[in-house]
1. Given the criterion touching a Gly at 6+ places or on another chain (Cβ under 6 Å), farther than 26 Å from GLU46 by Cβ and in a helix (DSSP H, G or I), identify the matching residue among LEU117, LEU147.
2. From the set of residues in the range 17-73 that are of a type in the set (A, V, I, L, M, F, W, C), closer than 22 Å to GLU151 by Cα and over 15 Å from the mean Cα position of the chain (by Cα), which is surrounded by the most Cβ atoms within 10 Å (Cβ to Cβ)?
3. Name the residues in the range 86-106 that are surrounded by 15 or more Cβ atoms within 10 Å (Cβ to Cβ) and assigned to a loop (DSSP other than H, G, I, E, B), would you?
4. Within the group LEU147, LEU154, LEU107, LEU117, which residue is touching a Cys at 6+ places or on another chain (Cβ under 7 Å) and among the hydrophobic types (A, V, I, L, M, F, W, C)?
5. Of all residues in the range 169-189, which are surrounded by 21 or more Cβ atoms within 10 Å (Cβ to Cβ) and over 19 Å from GLY18 (Cα atoms)?
6. For ASN4, all conditions in the list (1) without any contact (Cβ under 8 Å) to a residue 12 or more places away in the chain; (2) over 29 Å from VAL128 (Cα atoms) hold save one; what is the number of the exception?
7. Among the residues of the range 151-169, is any over 26 Å from ALA44 (Cα atoms), in contact with a Gly (Cβ under 8 Å, 6 or more places away or on another chain) and in contact (Cβ under 8 Å) with a residue 24 or more places away in the chain?
8. Could you tell me whether PHE132 is among the aromatic types (Phe, Trp, Tyr), touching a residue at least 24 places away in the same chain (Cβ under 8 Å) and under 16 Å from ASN4 (Cβ atoms)?
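Read-outs throughout are calculated quantities, based only on the coordinates presented, and are distinct from any laboratory measurement. Keep in mind that what you see is a predicted model, and the values were worked out from it rather than measured. FYI the Cβ positions are ideal-geometry reconstructions off the backbone, even for glycines, and counts take in every protein chain you see.
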Amino acid sequence: MALNIGNTSGSLYILRHGRTDWNAQRRLQGRTDIELNKEGEEMALEKGRERQFSFDICFSSPLKRAVRTAELYLTGSQTPILTDDRLCEMSFGQYEGMTVDDNFDKLPISVFFSDPLSYRADRGAESVEELFSRTRAFIDEEILPRLKASENILIVGHGAMNCAIISQFRGYEIKDMWKEFPQNCQLLRLV
């Protein structure tokens, strides 16, 4: 069931960070604090040049790749950028840094990407339920009140974390959380 946001003239957009070397290498990043590469910086600047509206506030994951994307995307604007730990990427624990290769499907973490409802976190990884719980707390405490105040909001984050927020706004079940998986620097309007 989708979130009930009531009447609002505010808007909510969500943006995934630009490309990193680990994206190019198909490595699980999770909470590992990887910087944008040159291509990722150019993506964020280009996407920002296409921006045709302004935001009252931007919330970003505190990880470098998200913060830098927010800064570059919002170049020339006066939009404040606030970081919030609840917007960090999902922790993949000891699997962070592993490449998605031919042997990946033999690892327990691979279930998360094919059948998130059946995924059971291990080796220090975060569960899907924990991801949805912290992003829901962020939505309830930061986003819904601002939408009711008709603010225009931008969230800059990560693949799995963004999918958790998108799923809650669209009313997707956990099993369908990958339905609108954002590419690097892809902007989606949620409200």
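1. LEU147
2. If we take residues in the range 17-73 being of a type in the set (A, V, I, L, M, F, W, C), closer than 22 Å to GLU151 by Cα and over 15 Å from the mean Cα position of the chain (by Cα), then PHE55 is surrounded by the most Cβ atoms within 10 Å (Cβ to Cβ).
3. Step one: of the range 86-106, the residues surrounded by 15 or more Cβ atoms within 10 Å (Cβ to Cβ) are 86-93, 95-96, 98, 100, 104.
Within the range 86-106, CYS88, GLU89, MET90, SER91, GLU96, MET98, VAL100 meet the criteria.
4. Result of the check over LEU147, LEU154, LEU107, LEU117: LEU154.
5. Of everything in the range 169-189, just one residue is surrounded by 21 or more Cβ atoms within 10 Å (Cβ to Cβ) and over 19 Å from GLY18 (Cα atoms), namely MET177.
6. Of (1) without any contact (Cβ under 8 Å) to a residue 12 or more places away in the chain; (2) over 29 Å from VAL128 (Cα atoms), only one is false for ASN4: (2).
7. Within the range 151-169, none of the residues are over 26 Å from ALA44 (Cα atoms), in contact with a Gly (Cβ under 8 Å, 6 or more places away or on another chain) and in contact (Cβ under 8 Å) with a residue 24 or more places away in the chain.
8. When the stated conditions are applied, PHE132 does not pass them.
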